[in-house]
1. Which residue fluctuates the most in the chain, going by a Gaussian network model with Cα springs under 10 Å, if the choices are 133, 119, 67?
2. Among 50, 18, 88, whose mean-square fluctuation peaks in a Gaussian network model of the chain (Cα, cutoff 10 Å)?
3. Towards the positive end of the charge dipole of region 11-150, with charges on Cβ (+1 Lys, Arg; -1 Asp, Glu), say which of 64, 53, 104 has the farthest Cα.
4. Could you give the size of the charge dipole of region 18-113 about its Cα centre, using +1 on the Cβ of each K and R and -1 on the Cβ of each D and E, expressed in debye and rounded to the nearest 20?
5. Enumerate the calculated ³J(HN,Hα) couplings along region 99-109 in order (Karplus 6.51 cos²θ - 1.76 cosθ + 1.60, θ = phi - 60°), each rounded to whole Hz, writing x wherever the residue is Gly or Pro.
6. Where does the chain land at 222 nm, in deg cm²/dmol rounded to the nearest 500, when only DSSP H runs of n ≥ 4 count, each adding -39500 (n - 2.57), divided by all residues?
7. Mind giving me the nanometre distance, one decimal, between the label points for residue 59 and residue 142, set 7 Å out from Cα along Cα→Cβ?
8. Among 134, 26, 11, which one shows the highest mean-square fluctuation when the chain is modelled as a Gaussian network with alpha-carbon springs under 10 Å?
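What follows is calculated from the coordinates using simple rules that are stated; it is not laboratory data. Nothing here was measured: the structure is a model prediction, and the numbers come from that model. Cβ coordinates were reconstructed from backbone atoms using ideal geometry, including for glycine residues, and neighbour counts include every protein chain displayed.
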Amino acid sequence: MFSAFGLTAQTVADFKFKDLENNARTYSELKGEKLTLIDFWATWCGPCNKAIPELNKIYSLYKTKGVEIIGINCDGPRSVIKVGPLSKALQIQYPVLIDLNSELKTELNIITLPTLIIVNSKGKIVWTHEGFVTGDTEVIISEIEKHLNAD
């Protein structure tokens, strides 16, 4: 099966979802000045729950450098009630939006959770990473550095 996801020319169009406080938030209002990391995750996903504390660390390192992280929760209607409590338990420091019907996940052809994408200031997806294992934090930081310097 051909996947358009590997194409770096793919762009992220403005999207709007509710946040954990039930406020409608848009990509254009939340995106980073230089780079935006979009993390697709779910409460039931073990690797997702391991990645989030690392993303918090990355967020505190880069938020003053024009980098923003947006968590896109992909829990369905039956488990979405767990998103708020788990977000609090994991102390997520960046905005979390609820993609209840997997609209953005489907549009960007995201198959694996977690999937992290890096989007440049022009809205172009410049890097994609599926899954999360020990050592991935360094790989993610290396990619952020590379694309921060390229922008």
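1. Maximum fluctuation in the GNM of the chain, among the listed residues, is at 133.
2. 88
3. So the residue furthest toward the plus end is 64.
4. Charge dipole, region 18-113, about its Cα centre: 260 debye, nearest 20.
5. Result, ordered by residue: 9, 4, 9, 6, 4, 5, 4, 5, 4, 8, 6 Hz.
6. Per the formula, -9000 deg cm²/dmol.
7. Label-label distance for residue 59 and residue 142, simple model: 2.5 nm.
8. It is 134.
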